[in-house]
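Please treat every number below as a calculation from the coordinates, not as lab data. What you see is a predicted model, and the numbers here were worked out from it, not measured in a lab. Note that each Cβ is placed from the backbone with ideal geometry, even for glycine, and that neighbours are counted across all protein chains shown.
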């Protein structure tokens, strides 16, 4: 029943799209004021999509196995929370969520843009409707979440257990708010280009939307990272895996756009650049969906999926890119009377430099992600691109990038010189010697790492000083940059000081080395509703007197029949102790991995700091 | 003759073009050095000489071939045509099991022995690495 309502709401929603388009065109041509009916119709459409989504959620809660999606991804023994989160834990449901967010954003946009020009609002709505219609058809044609199966099965196939996790339950909605948020920026930019509406005021208005989707995208990536860290058991948080890269690329484009909009707010320059960035941000988000969903990418995260859907998204994507490029080339007028002079030392040129670096990072990641696909198509060679590629190409350019991040914000608009030269050089010397002290005793490449740590420390010191002097002035920017320096530093120290021991032990055995004794004391078995668990007691003993018992867990899920290992992590401010245990079929040995990961929590905290920079910037304006 | 402004613009375009091509060239070059090729046991058998570079091999874990000791794990990867012995010490992913697909990364010692440095985790029991699937279909 719920499925039926869901499906028909979807169809009604699509019909409404056409009605909205009709009304908008009429209103665009004939009237001077914004027709209130359009707003109501958009709301009605949103209402239908929400109903449809609720219909799917209810089918999941009731374990209605006559619905194919529910049958494929749910099970009666699953806890309620994961029944609900299972709604968007699969392809069909997650696309419905995409659609929901698309509708939600355009509705909010119409509500919040009352002071803007009528034609601009309507045109934005029209472009957004093009995307919405595309997704409606995509969902109904290739991935209908409400397919009926008969005879009705009595039990579902269950959700992949590694998805049954709180972080991953909220990861997709938040990531999608970021991804899809860029759709409004895309539509609004196209509309503004058509009407030659791009101005300082427009920049101020669109900045809110850029900030919101940027914050959500950042949080979404953070959640995915945290999940990968504790659930996948390799103890890493970023693997340069294609699926991770496709979320990082829109993030980089969006961050660049954010900085570019700041220039546009002050001076009406770089308009073409802003348009290109808006288009690429959304295109990259779509690409992300395409690459993840089509199964083209060869990723360790890949879940089973269907190539036909990929083809549709690809065609749709090409249409959108074609449309936007067409508009860009035929409607966009560059102002000749505007002076394009950039003084080399000014805030705008430092932001421009930042943009170039960002674009370079983006290109590197893009090439690394899609090159294997091309190679496979061209000469059917199968390759994968690993972390060394990215590290080698990105790290050297991170150094000037970090320095520019420290000095850039101190410059003034239009024309500037560097003040407090002595102060800045003292900071440089301090951070240089500090980093030599840190790196000296480590077995890592001395030169590169010293310079890298110097640059990160430099940014750290400069931004910390800024807090003390300026207080809450310029807090948003400073906080975000400070967070970034903290992020880089924590990642570096995490890399330098991490240690790990991997060993195979039977119950009762002890691994002995000079520094540490790891004793596998016992195991305990428990039966829980949808899995049985084996909890190991492992005693860590080191000569410094530390004596700790960690309890990693193995979960054997009954439906589907999958074993997952749950790491036991003891976190404190300075380091994480991370242990996982694994059992190989028909063997007495347990595979045990013990890691000490310093500054893990600081990585998460620094990303939160970066986010809060964005939040502050959003709310400061309103106060 | 062209005016000074036009000349300057040509100069800028030239510089940008130069930087762009240099970047792409360097990127592709370092890509070449850092990619990891995937090979099935049959591909390995067909190799003319043993490469020192890191590669990935994939196939099925042969039934009853897993042998675990304190420091290492030994098993046999097969594509049902040829097989190769693998020695590995490190983290074993959850879905590593006899009769299931596996992808291992590491170095070839000789044509019948592979020293693995990493076994890649899969997230889905039904999921088979595309390479393994293709390798199995080829036979």
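Listing for the model above:
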item	result
Shielding by partners - mean other protein chain Cβ count within 10 Å, residues of B:92-101	5
Relative contact order (percent, whole number), segment A:435-492, Cα cutoff 8 Å, 6+ residue spacing	35 percent
Gyration tensor verdict on segment A:443-538 (Cα atoms; rounded if a/c is under 1.5, prolate if a/b is larger than b/c, oblate otherwise)	oblate
Average Cα contact separation per residue, chain A, under 8 Å, 6 or more apart, as relative contact order %	11 percent
For segment A:499-600: relative contact order, % (alpha-carbon pairs under 8 angstrom, 6 or more apart)	24 percent
Distance from segment A:1-17 to segment A:42-60 (C-alpha centre basis), Å	8 Å
For segment A:144-186: rounded, prolate or oblate by the Cα gyration tensor [a/c cutoff 1.5]	oblate
For chain A: rounded, prolate or oblate by the Cα gyration tensor [a/c cutoff 1.5]	oblate
Inter-chain shielding of A:557-563 (mean C-beta neighbours from other protein chains, 10 Å cut-off)	2
Cα-based convex hull volume of segment A:1-157 per residue, rounded to whole Å³	94 Å³
For the protein assembly as shown, share of DSSP beta bridges that run antiparallel, in % to the nearest 5	90 percent
Residue-averaged [θ]222 nm for the protein assembly as shown, counting only DSSP H segments that reach four residues, each worth -39500 (n - 2.57)	-20000 deg cm²/dmol
